[in-house]
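Structure first, commentary second.
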Amino acid sequence: MTQWLLAAVLGLLFALGTFLVLRRDVVRVVWGVAIISQSANVYLVTMGGLAGAAPIGDFRGETPPPTDPLVQALVLTAIVIGFGTTALALVLTYRVYEEHGTIDVYDLGGEGL
Amino acid sequence: MVASSVNQPVVVAPLLVALATAILTLLARFDLRVERVVSLAGGVGYTAVTALLFQRVVLGSESVLPYYLSNWPAPYGITLVADALSASMLALAGVVTLPALVFAVVSVRERGQRLSFHPLYHFMLAGVSGAFLTGDIFNLFVWFEVMLMSSYVLVVFYSGPEHTRAALSYVVLNLLGSAVMLVAIGGLYATTGTLNMAAMARRLGEPAAYNVAVAPTLGLAALLLAVFALKAGIVPFHFWVPAAYRAAPAPVTAVLAGVVKKVGIYAIVRLFFTVFVAAEYANGSALDYVGPVLVVTAVASMVYGGLAAVGRDELEQLLALSSVGQVGFIVLPLGIAALAPNLPMPNGVPGETLAAFGVAAALVYSFNHAVAKGLLFLVAGTLTDVIGTTEFDRLGGIARRAPVLAGAFLLGGLSLIGVPPLIGFFGKLLVFRVGVLAGAAGSGTAARLAWLGLAAALVGAVLTIAYVTRAWNAVFWGEPPKTVEAVLEERWSAGRRESTAAAADGGQFGVTSRRTLAVEAVVLAVLAVTLVGFGVGADLVVEAAAEAGEAATDTAGYVDGVYPEDGIDGVPADGGDHSGDGGGH
């Protein structure tokens, strides 16, 4: 049951993130990226399995095996990295606003290829 | 055997030198002179240790040097692995980063250097080294982030309107790429039960023994391929390249194009030719799936990059787009080799199988592109420093006024084109040879794709000649416009500062001292000599690349190197022996 719920939630989160990334407003784009990277983290946690007990103590030979704690360590790393990059992206958005006076992607334009 | 199972400091040395230098330069920010000295010393040290590692692993007898962090045996701890492929890539980084750093010391504005340039530069090197060395796929993600985080700030370094805009798209794209990479890594962990690349290769090779469902890993590998293609700037994922390369300071662009781009290439080689190749899918190995994709993207890159570069009227943009095209030349032999990896090669070819030869060709070309394109970007940076612009309209006739600059550009351009005796000739030769051998010996789709790639490479080569010639004509020949006339004569003959023309031009970079120019000219000359030297002594490069190609395609050797004693998945069967030389403390 939990895994179906999480799968649905993950799908929704990725969809929401994608929707935001495609907006014109840079702040929304950054939030979209943040949501996508957070949903990647949730996905990572679910990869450790959801059925087992908390992995504290000695579980040798026990069934069912406890939840894999490694993914949680990975997610911690990923959260820290995501925090740093989101902060950078937000500051960058502010700098873009300072330099261009707008945070609309269309108004910012681009070099075009 | 026993010796190689002990942790050897030479493996972590590039990482440690870069990290230590980054931290020391942060601490030395009180005095710019001290910071510069520390930074340069770190740069020299980095080149030295990469050369040492190269000497040990590629030229020496040892083939795979693992390093078990904190002495955790693989696959439980993070393992760093230096094999010929990693060591060659690190040596490439060592060759390019030191000249770029020296250039940066005189070229980047003092305020910028004081603020953060040096720590960022060395953190970027640490990320690059970690990505080359790690044998753990999540750790690869972490080093990618270290490298990217520094490169984000370096791209936005000058913080003007163009720079912020370029950095924004660069950051957003790479953040999305990171999220996708994380998803792929999580999926790989869930299916294979390990993050260690060697363990993954072993489990994919014997799925029944380890109870691994192989099929999902193909989709996850495809996700990873997209991420690495984004980092390498291969055609469907190239759109961030021109703006970002233009925004970053010239020496940083030289490193971004020369080294950081190659991290994506390295990751493709490492994961597909070493790890995923072990798995058997419904229609063959992972290489059978990835080969056509690589060939088609390479063809698109070569043609698009060449065509787009020919039409540019600005040197830096032209070079950035040329990078897109040149990466195609690097990816093409990989793609062709993936189509028929086990095709035996005739005598005299560096590599026993087509896969090994393809990787070797890609590496020689990477080396050529790293040095030549680094040199060309530095020439563009010198032009910006001196004249304040790299637009063709406002440049011309520089060959007579700045012979060193012109000579350096000429050699870099000729190497990019592939004229003997420069190293670029050997790069192109090997790439074409891969195509010819595969096309002649293969059959069906594989041969057709190889010929298609070869035809596109020919078009790409002609386009390279076109845009290099065009840039040369526009910048170095012809009548100098007023912008050049006013600036160059004074600067290069009398060496007076503060030329009026550059200032009036709005070129805030145009204030350059004679010493700065002298240093820049020396760096350019050194890189140009490197191109000639490695061209004349191409045997060394080709042999190293051949070693790297063998190492990259030798999955069993890689796995055995990471697990020196044959035990159950990393737990040494004979625990006493192993802990005797490694874990006794």
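The values are calculated or read from the model by the stated rules, or taken from the named source; none is laboratory data. This structure is a prediction, so every number in the text was calculated from the model and none was measured. FYI the Cβ positions are ideal-geometry reconstructions off the backbone, even for glycines, and counts take in every protein chain you see. Surface areas here come from the heavy atoms of the whole protein model, side chains and all, with no ligands, DNA or RNA. Shrake-Rupley method; radii C 1.70, N 1.55, O 1.52, S 1.80 Å.
Structure data summary
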{"quantity": "More than 51 Å apart - percent of Cα-Cα pairs taken over the protein assembly as shown", "calculated": "9 percent"}
{"quantity": "Environment charge at B:S178 (Cβ cut-off 13 Å; Lys +1, Arg +1, Asp -1, Glu -1)", "calculated": "0"}
{"quantity": "³J(HN,Hα), Karplus 6.51/-1.76/1.60, whole Hz, each residue of the stretch B:30-47, x for Gly, Pro", "calculated": "5, 9, 4, 5, 4, 4, 4, 4, 4, 4, 5, 4, x, x, 5, x, 4, 4"}
{"quantity": "For residues of B:160-172, the mean tally of beta carbons on other chains within 10 Å", "calculated": "6"}
{"quantity": "Under the Karplus curve 6.51 cos²θ - 1.76 cosθ + 1.60, θ = phi - 60°, whole-Hz ³J(HN,Hα) for the stretch B:448-464, x wherever Gly or Pro sits", "calculated": "4, 5, 4, 5, 4, x, 5, 4, 5, 5, 5, 4, x, 5, 5, 5, 4"}
{"quantity": "Angle in degrees between helix B:538-553 and the longest Cα principal axis of chain B, rounded to the nearest 10", "calculated": "40 degrees"}
{"quantity": "Quotient of C-alpha Rg and 2.2 N^0.38 Å, computed over the stretch B:446-487", "calculated": "1.96"}
{"quantity": "Test item: A:26-37 mean partner chain Cβ contacts at 10 Å", "calculated": "3"}
{"quantity": "Fraction of accessible area attributable to carbon and sulfur, the protein assembly as shown (%, probe 1.4 Å)", "calculated": "66 percent"}
{"quantity": "B:E314 long-range amide H proximity, modeled H, under 5 Å", "calculated": "B:F392"}
{"quantity": "Pairwise burial B:A, computed as accessible area of each alone minus the pair, summed, 1.4 Å, Å²", "calculated": "3000 Å²"}
{"quantity": "In the protein assembly as shown, lysine pairs with alpha-carbon atoms under 14 angstrom apart (chain gap of 8 or more, or interchain)", "calculated": "4"}
{"quantity": "Inter-part distance where the stretch B:226-278 and the stretch B:1-76 are each reduced to a Cα centre, Å", "calculated": "23 Å"}
{"quantity": "Helix A:26-46 vs. chain A, principal-axis angle (Cα, 0 to 90°, nearest 10)", "calculated": "10 degrees"}
{"quantity": "Residue-normalised accessible area of the stretch B:158-561, given per residue in Å² at a 1.4 Å probe", "calculated": "31 Å²"}
{"quantity": "Sites B:A282 and B:F30 - FRET efficiency at Förster radius 45 Å, r taken between beta-carbons, to 0.05", "calculated": "0.10"}
{"quantity": "Inter-label distance, nm, simple model (7 Å from Cα along the C-beta direction), A:D25/A:A87", "calculated": "2.5 nm"}
{"quantity": "Ratio of Rg to Rh over the stretch B:150-216 (Cα coordinates, Kirkwood Rh, two decimals)", "calculated": "1.30"}
{"quantity": "For chain A: accessible area per residue (Å², 1.4 Å)", "calculated": "59 Å²"}
{"quantity": "q = 0.11, 0.12 Å⁻¹, chain B: log10 I(q)/I(0) [Debye, one scatterer per Cα]", "calculated": "-0.96, -1.14"}
{"quantity": "Estimated 222 nm signal from helices in the protein assembly as shown, with DSSP H stretches of n ≥ 4 weighted -39500 (n - 2.57), rounded to 500", "calculated": "-23000 deg cm²/dmol"}
{"quantity": "Acute angle (nearest 10 degrees) that the helix B:286-310 long axis makes with the longest principal axis of chain B, alpha-carbon atoms", "calculated": "0 degrees"}
{"quantity": "Measure of compaction for chain A (Cα Rg per 2.2 N^0.38 Å)", "calculated": "1.44"}
{"quantity": "Tensor-based shape of the stretch B:252-321 (alpha-carbon gyration tensor, a/c under 1.5 rounded, otherwise prolate or oblate)", "calculated": "oblate"}
{"quantity": "Cα-based Kirkwood hydrodynamic radius, the stretch B:230-347, one decimal, Å", "calculated": "15.0 Å"}
{"quantity": "Kirkwood Rh and Cα Rg combined as Rg over Rh, evaluated for the stretch B:30-127", "calculated": "1.08"}
{"quantity": "Using a Förster distance of 35 Å, the FRET efficiency for B:V44-B:L69 (Cβ separation, nearest 0.05)", "calculated": "0.85"}
